[in-house]
1. Kindly evaluate Ala37 against the criterion of being closer than 20 Å to Arg8 by Cβ and either surrounded by fewer than 20 Cβ atoms within 10 Å (Cβ to Cβ) or at pLDDT below 95 (or both).
2. Kindly evaluate Tyr123 against the criterion of being farther than 24 Å from Ala218 by Cβ and among the hydroxyl-bearing types (Ser, Thr, Tyr).
3. Residues to consider are Pro363, Pro372; find the one that is within 20 Å of Arg179 (Cβ to Cβ), in the same structural domain as Ile175 (by TED's automatic domain parsing) and part of a loop (DSSP other than H, G, I, E, B).
4. Only one of these is within 27 Å of the chain's Cα centre (by Cα), assigned by TED's automatic domain parsing to the domain that holds Gly192 and of a type in the set (Ser, Thr, Tyr): Thr314, Thr277. Name it.
5. Does the range 159-167 include one or more residues that are touching a residue at least 60 places away in the same chain (Cβ under 8 Å) and part of a strand (DSSP E or B)?
6. If I filter the range 115-122 for residues that are closer than 30 Å to Thr264 by Cα and at pLDDT 95 or above, do I get at least one hit?
7. Scan Arg75, Arg26, Arg8 and give me the residue that is within 26 Å of the chain's Cα centre (by Cα) and part of a loop (DSSP other than H, G, I, E, B).
Amino acid sequence: MQPYASRRNDALATLTGGVAIVPSARTVLRNADSSYAFRQDSDFYYLTGFNEPDAVLVLAPEHDTARSVLFMQRRDRDQEVWTGGRLGVERARETLLVDEAYPIDELEQRLPDLLIGATTMHYAFGAHGPVDRIVRNALETAREKTRRGGRSPYVVAEPSATLHPMRMRKTPDEIDVLRRACAITHAGHVAGMRATRAGAYEYTVQAAIESEYRRLGAESIAYESIVATGDNATVLHYVNNRDRLEAGQLLLVDSGCELNCYATDVTRTWPVDGRFTPEQRALYDIVLAAQEAAIDRVRPGVPRNEFHDTAVRTIVEGLIDVGLLNGSVDENIASDAYREYYMHGTGHWMGLDVHDAGPYREPDDTPLRLQPGMITTVEPGLYVRRDSDAPEHFHGIGIRIEDDILVTHDGYENLTAAIPKAPEAIEALVGAGMVSA
């Protein structure tokens, strides 16, 4: 729990004159009396490491003894028979290293006093349902108590303005979790390659990948896996995963596991029958060259847009070479002509959320510069839809290659480099472990 206590201290140091209220996630019904699998709120987990619902963390730096206060569910023996044990208020201070812990049903009574002394309240109204009413009433009560003397919040601010820049630069303990998560994702993708053959189904490959995640200890997938064959691979967020794999098609797999609430995000593309056609290989080589060139631009101090611009230029050069674009490289970039085949960005932050928290631009609106500890995906792609003007032999080809890149003090570390992406390595693996359809 010490890393979480350190993060709370860092947050408290930035809240001078303020108080932050950070609720946990709630249990959400799926249907009837069955709930969705619980997934903790990322900001709450970042500050507590506590994985129970219906809790609220209050950070109050103006209080001498109760600077970090956790409100949580009481122990309930009857309920725990059905849903499992709870930590309980009595053990929270020692286990979670918070200053004070109280039952969640005391939040409404105690919160006004925690607000007194602060000038700013950091709380995301509209995001936490029933907690909104309690916070609004507490603010009114605190202001009434200090009307003739004392201080209470007169400004309401988004806590993300404080927490999300902190979350961008990963600590060594976070990086360790992400390295382990990437190793599990590696094993899943290799299992998917081995399970691929003509006559199988997208969901067959999905099952091979995700069962490997579970076997190796991941709690969940980081997002709905994309397992897209043929034309489906030209749909960026295809998740139906029901179609049959046919010889001659490519299979695009975008999938990552979640470990201790930390996400991975990896895409690989491979031929269903283990051999690229000439057209597939030509476009694959363009995407791979673009990704390698972009990754090489990841280093401290470099503006974040540089690796995207590098990928775009490499892709445009390749598309001109194969006849999918005409004219000069600069003309095609200036006119956005390449966006017919490459229409998305080259990466996003990654961490507790698969599209992780944090800005992409500096306060002066220039591109944010990379710093050690940041993790970004690098994921160029090419997608030739059947309704495009491309020659027919390119129709239905969708390719994306994505890795998770840690910015280090002197460059980068590719956390997912072990997952095969060289064409020869992929062709050697695909179908090596045959499964029945």
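1. Spelling it out, it is not the case that Ala37 is closer than 20 Å to Arg8 by Cβ and either surrounded by fewer than 20 Cβ atoms within 10 Å (Cβ to Cβ) or at pLDDT below 95 (or both).
2. It is true that Tyr123 is farther than 24 Å from Ala218 by Cβ and among the hydroxyl-bearing types (Ser, Thr, Tyr).
3. Pro372
4. Thr314
5. No: zero hits.
6. Yes, because at least one residue in the range 115-122 is closer than 30 Å to Thr264 by Cα and at pLDDT 95 or above.
7. It is Arg26.
Table: residues versus (1) basic (Lys, Arg); (2) without any contact (Cβ under 8 Å) to a residue 12 or more places away in the chain; (3) closer than 30 Å to Val177 by Cα.
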{"site": "Glu52", "(1), (2), (3)": "no, no, yes"}
{"site": "Val81", "(1), (2), (3)": "no, yes, no"}
{"site": "Gly84", "(1), (2), (3)": "no, yes, yes"}
{"site": "Asp99", "(1), (2), (3)": "no, no, yes"}
{"site": "Ile134", "(1), (2), (3)": "no, no, no"}
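The values are calculated or read from the model by the stated rules, or taken from the named source; none is laboratory data. Everything quoted here is computed from the prediction, not taken from an experiment. Quick reminder, even Gly has a Cβ in these numbers, built from the backbone with ideal geometry, and neighbours come from all protein chains shown.
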